[in-house]
1. If only one of 124, 196, 201, 141 is β-branched (Val, Ile, Thr) and at pLDDT 95 or above, which one is it?
2. Among what's in segment 293-328 and is under 14 Å from residue 201 (Cβ atoms) and of a type in the set (Val, Ile, Thr), pick the residue that is surrounded by the fewest Cβ atoms within 10 Å (Cβ to Cβ).
3. Residues of segment 312-335 being farther than 18 Å from residue 183 by Cβ and either among the hydrophobic types (A, V, I, L, M, F, W, C) or assigned to a helix (DSSP H, G or I) (or both), which ones?
4. Are there any pairs with C-beta distances below 9 angstrom linking a residue in segment 23-44 that is touching a residue at least 24 places away in the same chain (Cβ under 8 Å) and within 17 Å of residue 246 (Cβ to Cβ) to a residue that is among the basic types (Lys, Arg) and surrounded by fewer than 20 Cβ atoms within 10 Å (Cβ to Cβ), with the two at least 6 apart or on different chains, and if so which?
5. Name every residue in segment 92-131 that is closer than 17 Å to residue 3 by Cα and of a type in the set (A, V, I, L, M), in order of residue number.
6. Condition first: under 22 Å from the mean Cα position of the chain (by Cα) and either aromatic (Phe, Trp, Tyr) or surrounded by 14 or more Cβ atoms within 10 Å (Cβ to Cβ) (or both). Can you find one or more residues in segment 143-153 that meet it?
7. Yes or no: residue 21 crowded, with 19+ Cβ neighbours inside 10 Å and either under 30 Å from residue 173 (Cα atoms) or touching a helix residue (DSSP H, G or I) at 6+ places or on another chain (Cβ under 7 Å) (or both)?
8. Please work out if residue 28 is within 23 Å of residue 340 (Cβ to Cβ), of a type outside the set (S, T, N, Q) and in a loop (DSSP other than H, G, I, E, B).
Amino acid sequence: MVSFVGFDPGNNGLKVAYFKAPNRIGYMFVPNISAPAIPLDIPPAGDDEDVLAVEVMSADKEFQALTFLGNLALQQAQDKADQDRRRDRSGSVTVNQLVPAVLGLLYEEGRPFVMTVGATLQDIQEQKDKLIRKIEKKHKIKFLYGSLAGRTVEPVVIQCNTYPQAAAGLYSLLRNDDGSIRRYDWVDKTVLAIDIGHGQINFAIMDKMVFLKGACFSRDFGNYRVVNVVKDFLNSAPYYVTASIPQLQRATEAGYYTIGQEKIGLRDVIITATQETVELAYREVKDELPASLYNQITDIVVLGGVADRVAPMIQSRFSLPVEKAKTSLFENARGNALHARQKWEAEAKKVI
């Protein structure tokens, strides 16, 4: 028996989809935030993924120190919490600490992992081998808090695949948890997926339920443009506020920033910056795709954590029917989990 899991590593956080039962998928989100571990007088309480203090003994030396990850890092480090935005994913906190920590949380003795990790098409072409080398191996993780406190686990990844972002989201929307097709209404449609992440926007097209690999592309801008506009706004008169990236992200999601008892409204700033981001996305699609292919597009699917905010703007700008994915934050991760299982079963592999 193996465990199938899909990872969507983003600048904002690690999205995880895993099979809780043979045909039922569960989800987990761990913010991409880390901080050196400090002694805590009282052990933190909460779900295991919210009290992550780990020592990844199988990682490269620079990542072996006891570290707070995710919500625990944000809670304890506040404005000193760090978000790793390195483009070289193989050398990131996400791949070297977050992924092993989550594998440790999902670990069941005697069940190795088969997984697919999402990346841009460019990163797959440039970094695939390095990513697989870091992930496809035996990991060794010691947990300080939660239900695994004091335990060391050794999850093994026996197969690691890569799959393009946005395309994984379409793969997810196309299929039920058991892998069967559920979107037969797409049989004669050309669907564009727009996946707006924190640091990147990914695009993919499926024509008559077939992916067009040459139409997968990404651009290095996303919701971070909006966060930067919020940062500049708060840094100016009359506020002169300096906040960390995680704090700015939370303010952008909430629509306001709190100073003491005062709430600084950010809604107008956010809407304007989001409209500018959608306009950039529109121009990139028009510039990248041949006119003949662009004119074939019948529907757009919007993915990502900010899908609620951007979907109406995308519909207005593209003048096409727009669908917001129901589990938009986790759609890529879910597609990756389904892909991992499909690929393993198609190759009829067995655990030796």
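1. From the options 124, 196, 201, 141, the qualifying one is 141.
2. Looking at the filtered set, the residue picked out is 300.
3. 312, 313, 314, 315, 316, 317, 318, 329, 333 - these are the residues of segment 312-335 that are farther than 18 Å from residue 183 by Cβ and either among the hydrophobic types (A, V, I, L, M, F, W, C) or assigned to a helix (DSSP H, G or I) (or both).
4. From segment 23-44, the pairs are 32/85; 35/80.
5. 99, 101, 102, 103, 105, 106, 114, 115, 117 - these are the residues of segment 92-131 that are closer than 17 Å to residue 3 by Cα and of a type in the set (A, V, I, L, M).
6. No.
7. no
8. no
The values are calculated or read from the model by the stated rules, or taken from the named source; none is laboratory data. This is a predicted model, so every value here is computed, not measured. FYI the Cβ positions are ideal-geometry reconstructions off the backbone, even for glycines, and counts take in every protein chain you see.
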